[in-house]
Amino acid sequence: MAEIIHKELSYALRGVLFDVHNQLGPLLPEKFYQEIPIYYRDTFLGNQPVRLISLDGEILLATVAVKEVDDTIKSQMRVRLRQLDKKVGLIANFHGRDLDIVIVRGGCNE
């Protein structure tokens, strides 16, 4: 079994992704899962579109809503991991009834 990189952050992130999936539900267009609501104090300022997020400077997160996370999507994540010198990326696919989280390793320029 492979070692989990950034274990605590990975588990916390997975919990957040499942919360989003449970609140929004499945099968919405991709844009619904790629916007983050921005608040200042208690005032809603609007939504910020996001395609790729760096969490704690350790994990890259990409959100998609596609039928299948194919090799092209995984390769794109590996390229970004290399460019940003990160070890792990998560691709959260909200397309189906169940949330699919794909772990992509590599890319770190050690």
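The values are calculated or read from the model by the stated rules, or taken from the named source; none is laboratory data. On a predicted model such as this, the values are computed, not experimentally measured, just so you know. Reconstructed Cβ throughout: ideal geometry from the backbone, glycine too, with neighbour counts over all protein chains shown. Only protein heavy atoms, including side chains, enter the accessible area calculation; ligands, DNA and RNA are left aside. Shrake-Rupley method; radii C 1.70, N 1.55, O 1.52, S 1.80 Å.
Details
- Taking Lys and Arg as +1 and Asp and Glu as -1, the other residues whose beta-carbon sits under 11 Å from that of N47 total 0.
- Mean separation of Cα contacts under 8 Å (6+ apart) over length of the chain, as relative contact order %: 25 percent
- Only protein heavy atoms count here; on that basis, with a 1.4 Å probe, R78 has an accessible area of about 90 Å².
- Dipole magnitude of the chain, debye to nearest 20 (Cβ charges: Lys/Arg +1, Asp/Glu -1, about Cα centre): 200 debye
- Axis of helix 71-84 versus longest Cα principal axis of the chain: the two differ by about 80°, to the nearest ten degrees.
- Cα-based shape type of segment 45-93, given that a ≥ b ≥ c are square roots of the gyration tensor eigenvalues and the cut on a/c is 1.5: oblate
- Computed helical MRE - 222 nm, the chain, DSSP H runs ≥ 4 contributing -39500 (n - 2.57), nearest 500: -9500 deg cm²/dmol
- For the chain, the longest principal axis of the Cα atoms and the long axis of helix 7-24 meet at an angle of about 30 degrees.
- Ordering of 14-22, 79-87 by packing [mean C-beta count within 10 Å, highest first]: 79-87, 14-22
- Given the choices (1) 51, 40, 18; (2) 51, 26, 20; (3) 43, 33, 24, Cα extents along the principal axes in Å derived from the coordinates of this structure is entry (3).
- The separation of segment 52-110 from segment 9-37, counted between C-alpha centres, amounts to 14 Å.
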